[in-house]
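Colleague: Below is a structure I'd like to ask you about.
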Amino acid sequence: MRTPTHLDHRTKSAASLSIPSTTLLRDKGPSTATNIRESAVQRTDSATASLSKREPRILFVDQSGQLGGAEICLLPLAIQCTRRSEVLLLSDGPFRERLQAEGVRVSVDTDARVSNIKKDRMGFAALGSLPGIVRQVRSIATRGKSFDIIFLNTQKALILGAFGRVLHRKPTIWHVHDIVSRDHFGRLHLLLIKWAVKVGVDHLIANSRASADALIELTGLPPSAVPVVHNGVDMARFRGNTVQAPMPMNQRRAALGLPTDTFLVGLFGRFTAWKGQHVALDAIARIPHAHLVLVGDALFGETDYAQGLRAQAKALGIEERVHFAGFQHDVASWMNVMDVVVHASTQPEPFGLVIIEAMAAGKPVIASDGGAVPEILRDRENGLIVEPANAPELADAISRLQREPELALRLAAQGRADASQHFSIERYLRQMTRVLFDIAAPAPKAGSDMNLAKHR
């Protein structure tokens, strides 16, 4: 196990806010849309409720119709701001359906020429998309004129929204969900992000210190210009308050089609190479009496990788011990039947929502070091941290928790306490709505942390 060397950024300063990427709605559970919306409103404090008369009109812009991490993060905030706001999607899909099911106003403006531009393959070929880019820039700007704030939730939304800033002249926020480095982005895309932040964005919020630091390194902005709002989790839902919660564990597992009497290791997330499902397969092959449950699927054209995982399991001779569950809305029910939850990313993680979900569920967590992981976990205190892409070390950590149930229980208990204190959905909604209200009706202060104008 590795002991991470880091500062606890949650207590570093008041400017370090904290953001939940919502488990609130990814996990449907037994709640109705009305119940969820009512509980979301109840989670905000009285100070926020007292501001309802001047609730800002917000246009949330997101490039994807899929339920990726950035979209899951936007869900509770969009619901909280439903009364006067709208979500504009630049691609159609299940995300639109989920938003509409929760009563959120949604519009879709798709253009295949723009949707087909990939972040790691931007170049001269993208010039053919210029007419589509111009059209969507104008569309965002035209819609934006009717709102108080433009909230850009993804990289492509950032670039298109920044181009249109001069047309709508509304306060513009970029919510940073990525570590903007060469590990994840091409050179041209990084240049565009740098330009967009400098020219077309007024306010920034990052989902972790790791994401903030990467953006600061790219742009040269001071740390005070990139406050951090950590993602958060609906503690009640992951605590076991699901339809299956009253059932014995073996019945809950059987209801999900899982073996009832074996050690289950869960890995949750979309199928893509940097999420490390292949590393987890190599690790589980080294542990004869453990099974691996992969909950997730390929979302953004990574079907070759998904097929490769099945071939890998077959080649390792562990087909009978690997369960491909597919994409699941009710994540909590699946997580609550695991013995251990593994995070196996091979590259620095911008946040790691699965980690705090597992902590909320009271499950011991093993996570790859790097990125925002040290902001969440303290090795051997509330989880175990292992070297990325190191299958033998991951296998050793899993085996240790299998051999030492007392350690697993201690890590799980501390993890749940930390998730409740630092990563709750209540904290996220309170902090994010406070930021949005302050931007819409700023108090005259010298040296605002959030305004980027002085840094341009």
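The values are calculated or read from the model by the stated rules, or taken from the named source; none is laboratory data. Since the model is a prediction, treat every value here as computed from it, not as a measurement. Methodologically, a virtual Cβ is constructed for each residue, glycine included, from the backbone with ideal geometry; neighbour enumeration extends over all protein chains shown.
Colleague: Considering every residue within the range 397-418, establish whether at least one is farther than 26 Å from HIS175 by Cβ and in a loop (DSSP other than H, G, I, E, B).
Modeller: yes
Colleague: Find the residue count for the range 139-172, including only residues that are of a type in the set (Lys, Arg) and closer than 24 Å to ASN207 by Cα. If you could, list the steps in order and put the result at the bottom.
Modeller: Let us first name the residues in the range 139-172 that are of a type in the set (Lys, Arg), namely 143, 145, 156, 165, 169-170.
After this cut, where a residue has to be closer than 24 Å to ASN207 by Cα as well, the list is 156, 165, 170.
So the count comes out to 3.
Colleague: Residues in the range 282-295: is at least one assigned to a loop (DSSP other than H, G, I, E, B), in contact with a Ser or Thr (Cβ under 6 Å, 6 or more places away or on another chain), within 23 Å of ARG400 (Cβ to Cβ) and in the same structural domain as GLY317 (by TED's automatic domain parsing)?
Modeller: Residues of the range 282-295 that are assigned to a loop (DSSP other than H, G, I, E, B), as a first pass: 285-289.
Within this subset, residues satisfying the condition of being in contact with a Ser or Thr (Cβ under 6 Å, 6 or more places away or on another chain) are 287.
From what's left, within 23 Å of ARG400 (Cβ to Cβ): 287.
Filter once more, so that each one left must be in the same structural domain as GLY317 (by TED's automatic domain parsing): 287.
Yes: one or more hits.
Colleague: I would also like to ask the following. Against the definition (modelled with pLDDT of 95 or more and surrounded by fewer than 20 Cβ atoms within 10 Å (Cβ to Cβ)), how does GLY383 come out, yes or no?
Modeller: Working: modelled with pLDDT of 95 or more: yes; surrounded by fewer than 20 Cβ atoms within 10 Å (Cβ to Cβ): no.
So GLY383 does not fit the description; no.
Colleague: Given the residues ARG187, ARG253, which is the only one that is exposed (fewer than 15 other Cβ atoms within 10 Å of the Cβ) and more than 22 Å from LEU429 (Cβ to Cβ)? Give the steps one after another, and end with the answer.
Modeller: Details: ARG253 fails: exposed (fewer than 15 other Cβ atoms within 10 Å of the Cβ).
None of the others qualify; the one that does is ARG187.
Colleague: Please go through the range 158-210 and pick out each residue that is among the hydroxyl-bearing types (Ser, Thr, Tyr), within 20 Å of LEU74 (Cα to Cα) and in contact with a Leu (Cβ under 9 Å, 6 or more places away or on another chain).
Modeller: Taking the range 158-210 and keeping what is among the hydroxyl-bearing types (Ser, Thr, Tyr), we get 172, 181, 208.
Next cut, within 20 Å of LEU74 (Cα to Cα) only: 172, 208.
Across the range 158-210, the qualifying residue is only THR172.
Colleague: Of the residues in the range 139-159, how many are among the polar types (S, T, N, Q), surrounded by fewer than 20 Cβ atoms within 10 Å (Cβ to Cβ) and in a loop (DSSP other than H, G, I, E, B)?
Modeller: Keep residues of the range 139-159 that are among the polar types (S, T, N, Q), which gives 139, 142, 146, 153-155.
Those still in the list that are surrounded by fewer than 20 Cβ atoms within 10 Å (Cβ to Cβ) too: 139, 142, 146.
Applying the additional criterion that residues be in a loop (DSSP other than H, G, I, E, B) yields 146.
Residues flagged as among the polar types (S, T, N, Q), surrounded by fewer than 20 Cβ atoms within 10 Å (Cβ to Cβ) and in a loop (DSSP other than H, G, I, E, B) within the range 139-159 amount to 1.
Colleague: While we're on this one: Among residues belonging to the range 354-375 that are closer than 19 Å to ILE287 by Cα and among the aliphatic types (A, V, I, L, M), point out the one that is nearest to the chain's Cα centre (by Cα).
Modeller: ALA367
Colleague: Within the range 275-289, work out how many residues are closer than 14 Å to SER368 by Cβ and either surrounded by fewer than 24 Cβ atoms within 10 Å (Cβ to Cβ) or hydrophobic (A, V, I, L, M, F, W, C) (or both).
Modeller: Kept after step one, since they are closer than 14 Å to SER368 by Cβ, are these residues of the range 275-289: 275-280, 282-283.
Retained after the next criterion (residues that are either surrounded by fewer than 24 Cβ atoms within 10 Å (Cβ to Cβ) or hydrophobic (A, V, I, L, M, F, W, C) (or both)): 278-280, 282-283.
Matching residues across the range 275-289 total 5.
Colleague: Working carefully through the options VAL341, VAL331, find the one that is buried (at least 24 other Cβ atoms within 10 Å of the Cβ), within 24 Å of the chain's Cα centre (by Cα) and either at pLDDT below 95 or not assigned by TED's automatic domain parsing to the domain that holds ARG400 (or both).
Modeller: Details: VAL341 fails: either at pLDDT below 95 or not assigned by TED's automatic domain parsing to the domain that holds ARG400 (or both).
Answer to the selection: VAL331.
Colleague: Please determine whether any residue of the range 214-230 is in contact (Cβ under 8 Å) with a residue 12 or more places away in the chain, farther than 23 Å from ALA157 by Cβ, in a helix (DSSP H, G or I) and not small (Gly, Ala, Ser).
Modeller: The answer is no, given that none of the residues of the range 214-230 is in contact (Cβ under 8 Å) with a residue 12 or more places away in the chain, farther than 23 Å from ALA157 by Cβ, in a helix (DSSP H, G or I) and not small (Gly, Ala, Ser).
Colleague: Hey, any hits in the range 376-392 for a residue that's of a type outside the set (A, V, I, L, M, F, W, C), outside any strand (DSSP E or B), more than 21 Å from HIS278 (Cα to Cα) and within 21 Å of the chain's Cα centre (by Cα)?
Modeller: Going through the range 376-392, the residues of a type outside the set (A, V, I, L, M, F, W, C) turn out to be 378-383, 387-388, 390, 392.
Okay, now just the ones that are also outside any strand (DSSP E or B), so 378, 380-382, 387-388, 390, 392.
Now restrict to residues that are more than 21 Å from HIS278 (Cα to Cα): 378, 380-382.
Narrowing further to those that are within 21 Å of the chain's Cα centre (by Cα): 378, 382.
Yes; the residues of the range 376-392 include at least one that is of a type outside the set (A, V, I, L, M, F, W, C), outside any strand (DSSP E or B), more than 21 Å from HIS278 (Cα to Cα) and within 21 Å of the chain's Cα centre (by Cα).
Table: residues versus (1) under 16 Å from the mean Cα position of the chain (by Cα); (2) crowded, with 21+ Cβ neighbours inside 10 Å.
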site	(1), (2)
GLY164	no, yes
LYS198	no, no
ALA206	yes, yes
PRO246	no, no
MET249	no, no
GLY257	no, no
LEU267	yes, yes
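Colleague: Here's a check for you: in the range 356-374, which residue that is part of a helix (DSSP H, G or I) and either out of contact with any Asp or Glu (no Cβ under 8 Å at 6 or more places or on another chain) or of a type in the set (D, E, K, R) (or both) is farthest from GLN414 (Cα to Cα)? Break it down stepwise before answering.
Modeller: Applying the first criterion (part of a helix (DSSP H, G or I)) to the range 356-374 yields 356-360, 373-374.
Applying the additional criterion that residues be either out of contact with any Asp or Glu (no Cβ under 8 Å at 6 or more places or on another chain) or of a type in the set (D, E, K, R) (or both) yields 356-358, 374.
Working: ILE356: 12, GLU357: 14, ALA358: 12, PRO374: 15 Å.
So the residue we want is PRO374.
Colleague: Would you pick out the residues in the range 303-322 that are of a type outside the set (Ser, Thr, Tyr) and closer than 18 Å to HIS343 by Cβ? Steps first, answer last, please.
Modeller: Step one: list which residues in the range 303-322 are of a type outside the set (Ser, Thr, Tyr), which gives 304, 306-322.
Hits for the range 303-322 are LEU309, VAL322.
Colleague: Name the residues in the range 397-456 that are at pLDDT 95 or above, hydroxyl-bearing (Ser, Thr, Tyr) and closer than 14 Å to MET235 by Cβ, would you?
Modeller: SER420, SER424, listed by residue number.
Colleague: Separate question: Of everything in the range 165-198, what is over 27 Å from ALA372 (Cα atoms) and in a helix (DSSP H, G or I)? Give them in sequence order. Before the answer, list the steps.
Modeller: Initial filter on the range 165-198 (over 27 Å from ALA372 (Cα atoms)): 165-171.
Scanning the range 165-198 gives ARG165, VAL166, LEU167, HIS168.
Colleague: Pick out the one residue from ALA236, ALA210, ALA162 that is farther than 29 Å from LEU377 by Cβ and not in a loop (DSSP other than H, G, I, E, B). Even if it seems obvious, please write down each step before you answer.
Modeller: Working: ALA236 fails: farther than 29 Å from LEU377 by Cβ; ALA210 fails: farther than 29 Å from LEU377 by Cβ.
From the options ALA236, ALA210, ALA162, the qualifying one is ALA162.
Colleague: Only one residue in LEU299, LEU353, LEU377, LEU294 is within 20 Å of LEU409 (Cα to Cα) and not charged (D, E, K, R). Which one? Spell out how you get there, then give the answer.
Modeller: Details: LEU299 fails: within 20 Å of LEU409 (Cα to Cα); LEU353 fails: within 20 Å of LEU409 (Cα to Cα); LEU294 fails: within 20 Å of LEU409 (Cα to Cα).
Going through LEU299, LEU353, LEU377, LEU294 in turn, just one is within 20 Å of LEU409 (Cα to Cα) and not charged (D, E, K, R): LEU377.
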